[in-house]
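Chemist: One structure, as structure tokens, below. Some questions next.
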Amino acid sequence: MDTNVVIIGAGPAGLAVAACLKQAGIDFVILEKADEVAPSWRRHYRRLHLHTVKSFSSLPFAPFPKSHPRYVPREKVVAYLDAYAERFGLKPRFGVTVKSVRREGERLLVQTDAGPLDARRIVVATGNNAEPITPAFPGIEGFKGKVLHSAAYTEAEPYVGKDVLVIGMGNTGAEIALDLAESGARPTISVRKGVHIVPRQLFGVPIQMVGIASRTMPQSLNDWMFPKILDLALGRLERYGIVRPREGILAQIDAGRIPMIDVGTVAAIKQGRIGIAPDIASFTGDGVKFADGVEKKFDAVIFATGYRPGYDGFLPPELRPEKSGVNARARELGVYLVGFYNPVTGLLREIGIEARAVAKDIAGRGI
């Protein structure tokens, strides 16, 4: 089967690129290994809301409904994405797994478990959350409690009244710990390194909008100014066992590590409803020994240790652009990554910007 563009992945990034290509009159095929659009959004834990405001989080040509709250809940995001696909007549080929991509002359051959596709351009939109990462710890095989990755966490009800260790204090770990605390569990977060924490709203202004405005400022000024402002907003968190990294917020974002956006976790820590512990030295049969020598029993452990992109298995290094969006390497290869840059200004906002740019670039190159 021949097509101009193959889009791999039918999440927000794949749908956004497809809608932009359709507006430009370019034919494409969307491949999705799941049986529905936005499968990762359907798996997220139930209390999840967007950390970014709806006015800066919609996909191209389709704002969120005015009736939606400022921070849209997960189930409304899923409904929005379903409606987005229907609105633009996007019909992915579901249940198709990409096995490999290789160049054959001027074309790109996409090999799938349903047969090959021949394309002039490829857009990889599988997302950063494709494959859960579960680090190995000494003794974990002997731990008798429940062990799961945050990808498998849906709600707090099974953990009510139990001691739960959450490993990792990114956005997912912090919010799962809050969900557990609010539901009657006793969570502790293991923090291996320093973490930048910002409130979802800074003195009433959404942190996303603060981030957008601050991007034009020199990095050195941001690094000097934000710690002082955040100490005023959140208090000095060192007394609770939370320290900032040596790198400033912008440097960490550029390295792919966004700050934790607080939606109530800090208050719960200050109230003693969420404990903070250092890195893990080893697991025991009924708990954990931490790096400071303290041992504690736990009924369950949740790895909020992140994900890796899912394209390593099919996209060889020689066909990988150096970064997400439009760049010289992507143009040379005819392969674009979309949705792999997640700044504090918002992943969905960035997806919309990248999707428009990629579609414009493809259209401008004679397809």
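The values are calculated or read from the model by the stated rules, or taken from the named source; none is laboratory data. Please read all numbers here as calculations on a predicted model, not as lab measurements. Reconstructed Cβ throughout: ideal geometry from the backbone, glycine too, with neighbour counts over all protein chains shown. For the accessible areas, the whole protein counts, side chains as well, though only heavy atoms, and no ligand, DNA or RNA atoms are used. Shrake-Rupley method; radii C 1.70, N 1.55, O 1.52, S 1.80 Å.
Chemist: Right, LYS22: within 18 Å of TYR84 (Cβ to Cβ), surrounded by fewer than 24 Cβ atoms within 10 Å (Cβ to Cβ) and in contact with a Phe, Trp or Tyr (Cβ under 9 Å, 6 or more places away or on another chain) or not?
Modeler: yes
Chemist: Taking only the range 216-237 into account, find how many residues are of a type outside the set (A, V, I, L, M, F, W, C) and farther than 15 Å from PHE203 by Cα.
Modeler: 7
Chemist: While we're on this one: Among the residues of the range 77-86, is there at least one that is open to solvent by less than 40 Å² (accessible area, probe 1.4 Å), within 25 Å of ILE7 (Cβ to Cβ) and of a type in the set (Asp, Glu)?
Modeler: no
Chemist: Anything in the range 63-87 that is part of a helix (DSSP H, G or I) and small (Gly, Ala, Ser)? List them, or say none.
Modeler: ALA79, ALA83, ALA85
Chemist: Here's something else I'd like to know. Of all residues being hydrophobic (A, V, I, L, M, F, W, C), in contact (Cβ under 8 Å) with a residue 40 or more places away in the chain and closer than 20 Å to GLY204 by Cβ in the range 47-76, which is most open to solvent (accessible area, probe 1.4 Å)? Just the residue, please.
Modeler: Here the answer is PHE56.
Here's the yes/no breakdown for (1) modelled with pLDDT under 95; (2) of a type in the set (Val, Ile, Thr):
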residue	(1), (2)
ASP113	no, no
THR126	no, yes
GLU131	yes, no
HIS149	no, no
GLY161	no, no
LEU165	no, no
GLY170	yes, no
ALA174	no, no
ALA181	no, no
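Chemist: Another one. With touching a helix residue (DSSP H, G or I) at 6+ places or on another chain (Cβ under 9 Å) and at pLDDT below 95 as the only criterion, which of VAL72, VAL78, VAL53 stands out?
Modeler: Unique residue meeting the criteria: VAL53.
Chemist: Next up: Just a yes or no: is a residue in the range 229-240 without any contact (Cβ under 8 Å) to a residue 24 or more places away in the chain and closer than 16 Å to ASN342 by Cα?
Modeler: The answer is no, given that none of the residues of the range 229-240 is without any contact (Cβ under 8 Å) to a residue 24 or more places away in the chain and closer than 16 Å to ASN342 by Cα.
Chemist: Sticking with this one: Go through (1) over 16 Å from ALA300 (Cβ atoms); (2) in contact (Cβ under 8 Å) with a residue 24 or more places away in the chain and name the single condition LEU180 misses.
Modeler: The number of the failed condition is (1).
Chemist: Give the range 324-349 a look and list any residue that's acidic (Asp, Glu) and within 18 Å of ALA10 (Cβ to Cβ), or say none.
Modeler: Across the range 324-349, there are no qualifying residues.
Chemist: Something else about it: If we keep just the residues of the range 196-228 that are open to solvent by less than 20 Å² (accessible area, probe 1.4 Å) and assigned to a helix (DSSP H, G or I), which is farthest from GLY168 (Cα to Cα)?
Modeler: SER214
Chemist: Criterion first (more than 29 Å from ILE122 (Cβ to Cβ) and at pLDDT 95 or above) does GLY293 satisfy it?
Modeler: Considered against the rule, which asks whether it is more than 29 Å from ILE122 (Cβ to Cβ) and at pLDDT 95 or above, GLY293 comes out as yes.
Chemist: LEU202 fails exactly one of the following numbered conditions: (1) modelled with pLDDT of 95 or more; (2) hydrophobic (A, V, I, L, M, F, W, C); (3) in contact with a helix residue (DSSP H, G or I) (Cβ under 6 Å, 6 or more places away or on another chain). What is the number of that condition?
Modeler: (1)
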